Every structure is written in C-alpha cells, then in structure tokens.
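All of the numbers you see were taken from the coordinates with simple rules; none came from a lab. None of the values given here were measured: they were computed from a predicted structure. Neighbour counts are summed over all protein chains in view; Cβ atoms, including those assigned to glycine, are modelled from backbone coordinates with ideal geometry.
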Amino acid sequence: MINHLITQKNWQTQLSTAITSVDELLSLLKLERSELSVIVPDNFGLRVPRAFVNKMQAGDANDPLLRQVLPTAEEQISVSGYTQDPLAENAHNPIKGLLHKYQSRVLLTITGACAIHCRYCFRQHFDYGANLPTSKEQEAIVDYISDNPDINEVILSGGDPLSISNRRLFAWLDCLEAIPQLTTIRLHTRLPLVIPERIDAELLQRLAQSRCQLVMVIHCNHANEIDDNTAQYLQRLKQIGVTLLNQTVLLAGINDQVETQVALSHRLFAAGVLPYYLHVLDKVAGAAHFDCDEQQAITLYWQLLSKLPGYLVPKLVRELPNFAFKTPIDIYQAD
Ligand SMILES: *Cc1c(COP(=O)(O)O)cnc(C)c1O
Ligand code: SF4
C-alpha cells in the first residue's frame with residue numbers, strides 16, 4: 001500500500017512539475033535561444049514532462065521530440081486553409097463532452113488537460129472550459145448511449161483521459177460498464193509515452209477487472225519516445241489483456257522519412273503495440289509548417305508497404321469534416 005502511494009505521488013508530481021519555461025528547457029538541452037526561433041505563445045504554452053525531455057538528445061536543435069513541443073515563430077504565420085476547428089466537430093456535439101460523429105462509437109472529452117502540449121495538435125484551439133461534462137452531463141451521456149443501441153464502444157479522450165486522477169477515471173469506467181450494450185471501452189492517450197509511471201498498480205488492477213474489452217490507442221510519433229522503461233509499462237498493459245494500438249501524425253521534419261517510420265513500427269511492436277493509423281495533419285491554424293504534401297505521403301506509404309510486414313503498416317488516413325470515418329488516402333491517385 002505504501003509503495004502504491006509513492007508511485008501515485010510520483011506520476012502526479014511528474015505531471016505538476018512538467019517544464020513550462022522555454023529557458024529551462026533549452027538550458028537542460030544545452031541549446032541557445034539564438035539557434036531557434038522560439039516564441040512564448042499567449043495560449044497553449046510550452047508544456048513537457050521531464051521524463052519526455054530525458055528522451056531528447058542534448059545539443060540537437062532538430063531533435064524529433066523537441067520539435068513536437070517547442071513553440072516557434074512558424075506558428076504565427078497564418079496560412080490559408082488552416083483553421084481553428086478543422087474538423088467542424090462543433091456540429092456533432094449533442095451533449096457537452098460527447099462527440100457522436102461515427103456510427104457505432106462515441107468519443108467523450110472528459111478533460112481538457114494534457115500532460116504535454118503538442119504543437120501540431122488539432123485540439124489546441126478547442127474551448128474545453130465550455131465543453132467539459134459535469135455530473136449532470138455524465139448522466140445525460142449515459143442516457144444518450146442507452147437510447148442509441150448502435151453504440152457499442154466509448155472512447156475516452158480529451159485532452160488526455162489519463163491526466164485525471166484514478167478516482168475520477170474509475171468513476172467514468174464504473175458508469176460506462178453499467179451500460180449493458182457497451183462491449184468496448186477505449187482510451188486515447190499519450191501519457192504512457194510522456195509519463196510511463198502513470199500506468200500505476202492501481203490503474204492496472206482496475207483495468208484488469210473491467211467487464212469490457214479494453215483498447216488503448218497511444219499516440220507515438222517517433223521511436224525515440226519508447227525507451228526501455230516506457231516499453232516495460234506498455235508490456236504490463238498488454239499482460240492484463242489491454243489491446244494496444246498506436247496512432248501517429250505524419251509530421252514534416254520529424255517522422256516523414258521512411259527509415260523513421262520503419263523504426264517506429266518495429267519499436268512499437270517490440271513494446272507490444274500494433275500500428276493503427278498514420279494520420280496526415282489536420283489543417284489546424286498554426287501547424288502548417290508540420291504538414292507534408294499528400295504526394296510525398298503516398299510515396300512514403302508505398303515504401304512502407306514494401307519494407308514492413310502487413311501487420312506493421314498503419315492505415316494512412318485523413319479526417320474529413322463530413323465523413324463518418326477516417327478516410328483512407330487513395331494511394332493510386334495520379335499527380
Ligand atoms: C477518430 C474518432 C473516432 C474513432 O475512430 P476509429 O476509426 O474507430 O478509431 C470516433 N469518433 C470521433 C469523433 C473520432 O474523431
Ligand atoms: S490532445 Fe494529444 S496531441 Fe493534443 S496536445 Fe494533448 S496529448 Fe498532444
């Protein structure tokens with residue numbers, strides 16, 4: 001019990017002591033401000049847990065993990081076609097916190113908080129404050145699902161659903177497991193990569209007891225995000241029967257080389273995780289510099305098909321506002 005309390009404090013402490021100062025980050029990495037066009041944004045500032053910084057290479061201004069979190073002047077360039085709500089999600093939001101866009105599953109944004117701020121994130125302009133479910137909405141969500149027998153799966157998302165306490169998370173699991181038609185509960189989270197200790201004994205025990213099939217979709221963009229410690233925590237989830245999948249965002253200069261994607265698939269598999277989606281970037285304002293040209297993405301994808309076994313090739317998809325599924329990218333299309 002005492003041990004358990006120590007680990008609990010450990011991840012919570014890691015969460016609350018995440019780095020938010022650009023100068024502190026650069027000094028830890030032995031980088032000079034002059035090497036980088038760093039900015040201090042008004043909203044959605046720098047946030048990165050120290051365990052993730054430890055996976056970065058000191059002295060490398062182009063480190064693929066650093067580039068995911070460091071706010072730079074490129075964000076301030078406005079590019080036409082890149083908007084605040086690229087997925088028009090506001091149209092599929094019948095109850096606060098509930099997105100029902102796809103037929104058999106709903107997505108719940110149960111928190112606005114994330115352990116890490118990813119600069120390309122399509123949720124960075126989302127008004128979470130106004131869209132978080134209170135206990136009243138929690139009841140309404142349960143009723144909504146019960147009234148829609150097509151729904152058999154609930155996706156806990158956010159923000160990051162593992163950034164909330166076990167107590168609050170388990171309360172969600174309890175009320176969802178009580179809905180008989182649900183077969184599957186899924187968590188979309190980046191926590192196992194940025195603070196692996198979040199997968200604490202209490203969480204493992206609770207997940208192991210669930211009557212539902214559990215799926216965890218982690219969000220890893222680069223093999224360097226999975227060191228041995230991270231892999232061990234992921235394997236623990238696998239051992240209790242959680243299906244582990246990964247979604248990646250294709251990011252220019254970070255993971256748009258074929259070797260990088262091949263290494264990522266192999267590293268994921270070694271940690272017990274199968275590649276699921278490779279998303280082309282959602283066209284969110286401030287992230288245009290991360291976007292890859294679609295023809296380049298297709299060329300990359302053909303190479304992945306030739307280099308990897310089929311089960312290590314993620315599906316290359318784009319999310320389109322008016323489609324009720326992630327849309328496969330046509331890899332046969334001509335220039
Ligand atoms: C991505 C997403 C899902 C899940 O889609 P899958 O293809 O089942 O992984 C569900 N709802 C919304 C709104 C989504 O954006
Ligand atoms: S929602 Fe996911 S991608 Fe966006 S900032 Fe949070 S962890 Fe990063």
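For segment 65-106, the set of residues classified as closer than 30 Å to D147 by Cβ, more than 16 Å from ligand 2 (Cβ to nearest atom) and assigned to a strand (DSSP E or B) consists of I95, L98, H100, K101, Y102, R105, V106, listed by residue number. A Cβ distance below 8 Å, combined with a sequence gap of six or more or placement on separate chains, defines the contacts here; from segment 12-41, residues that are outside any helix (DSSP H, G or I) reach residues that are basic (K, R) in the pairs T17/R50; A18/R47; A18/R50; I19/R47; I19/R50; T20/R47.
Here's the yes/no breakdown for (1) in contact (Cβ under 8 Å) with a residue 12 or more places away in the chain; (2) among the polar types (S, T, N, Q); (3) within 20 Å of Q213 (Cα to Cα):
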position	(1), (2), (3)
V79	yes, no, no
P86	yes, no, no
I95	yes, no, no
L108	yes, no, yes
C114	yes, no, no
C121	yes, no, no
F126	yes, no, no
N131	yes, yes, no
I179	yes, no, yes
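Test L278 against the stated conditions and say whether it is touching a Ser or Thr at 6+ places or on another chain (Cβ under 7 Å) and either among the hydroxyl-bearing types (S, T, Y) or in a strand (DSSP E or B) (or both). In short, yes.
Within segment 198-222, restricting attention to residues that are under 30 Å from E259 (Cα atoms) and surrounded by fewer than 21 Cβ atoms within 10 Å (Cβ to Cβ), the residue that is farthest from ligand 2 (Cβ to nearest atom) is V215.
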